[in-house]
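Quick note: the coordinates plus some simple rules give every number you see, no bench work behind them. In this text, all values refer to a predicted model and were calculated from it rather than measured experimentally. Because the Cβ atoms are built from the backbone with ideal geometry, glycine has one as well, and the counts that use them run over all protein chains shown.
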Amino acid sequence: MATWIWVTIIAATSQSLRTAQQKNLKQALGDIGASFVRFSYAIPFAWAGISVYAYSTGQYLPALNLVYVFWILLAGVMQIIFTVLLVTLFSHRSFAAGTAFSKTEVLMAAIFEALILGYLVSFRVGFAIVLGVIAVFFLSLSKSKTSFSNLGKSFLTKETALGLGSGAFLGFCTVAFRAATDSLEGSDLVLRASFTGGVAVLFQSLIMGSWMWFKARDQLIRTFIEWRRAYLVGLFGAVTTACWFYAFSANAVAPVRALGQVELLIALGISFFFFKERPNIKEICAVLLLAASILIVILEA
């Protein structure tokens, strides 16, 4: 089995653990503070990993170039905007349809990858992506009163605009991160991908931290006070970022994002086995569709 498949599964698993820890910190840090530690506490772990790998392999860090700086800055800003849009979406009482539309980021990634990098997915992978998007629609709407019959009516709502916007920005930033990594010189993909991840969290921490100093200083201060609980978010965040970036550069972005939906299956498994929550018929259909989508991507690799 291709290496990028295992790396993607590790990324999805680590992301699930990071998200769970962020949820545990929301009450103590607030939404913005819990989001910020995803970047800030990943810095020492990311750069420690980069340093150890570079030293053990006898390599120097890649040299920056203007193309790389352009893509990494653009991708970092896009990811911050995505986070803001998603947090805003969750502040609305009725956001089921918007959440469903935000899951179109896999399709968005495929479109942007074709436009920017000139890569077109195969018919089978394209079918798997569409199947996966349908599956996450089922999951997003499974416990909502929103039905598929009136889903079309929700296209003109603010929640849908936020959902589609967040999906578009996330899809774009993943392709931009791939473009940044590809612009670095060197044949060692692990070093180039991890270096991009380290630069990204450093830049995003600086931007978001500066904004919080003026707009949410109390939450910024609390992120340092709660370091004993927040460092796990940074650890999982650093592993997640490095694995995602490796997978994005080892293979096309769209199939990686499609396979990354395995995170939803992991979350559902935790919900079923540990919290004894029984899935409804929509969730069962979604799991079967999502599993089929992931299997198609794996068989295509």
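In nanometres, what is the gap between the two model label sites at VAL52 and TRP6, each 7 Å from Cα along Cα-to-Cβ?
1.8 nm
In nanometres, what is the gap between the two model label sites at TYR60 and ILE225, each 7 Å from Cα along Cα-to-Cβ?
Computed distance between label sites TYR60 and ILE225 equals 4.6 nm.
How large is ³J(HN,Hα) for each residue in region 114-125, as worked out from phi by the Karplus curve 6.51 cos²θ - 1.76 cosθ + 1.60 (θ = phi - 60°), to whole Hz, x for Gly and Pro?
Karplus-based 3J(HN,Hα) across region 114-125 equals 5, 6, 8, 9, x, 9, 10, 6, 6, 4, 5, 5 Hz.
Got a sec to turn the phi values of region 174-183 into Karplus ³J(HN,Hα) couplings, 6.51 cos²θ - 1.76 cosθ + 1.60 with θ = phi - 60°, whole Hz, x for Gly and Pro?
These are the phi-based 3J(HN,Hα) values: 5, 5, 5, 5, 5, 5, 5, 4, 5, 7 Hz.
Roughly how many nanometres apart are two label points built 7 Å out from the Cα toward the Cβ at ALA291 and ALA267?
Distance between label points: 1.9 nm.
Tell me whether the chain comes out rounded, prolate or oblate; compute the Cα gyration tensor, take square roots of the eigenvalues as a ≥ b ≥ c, and use a/c under 1.5 as the rounded threshold. Don't skip to the end; give the middle numbers.
Details: a/c = 1.56, a/b = 1.20, b/c = 1.31.
Note, shape of the chain comes out oblate.
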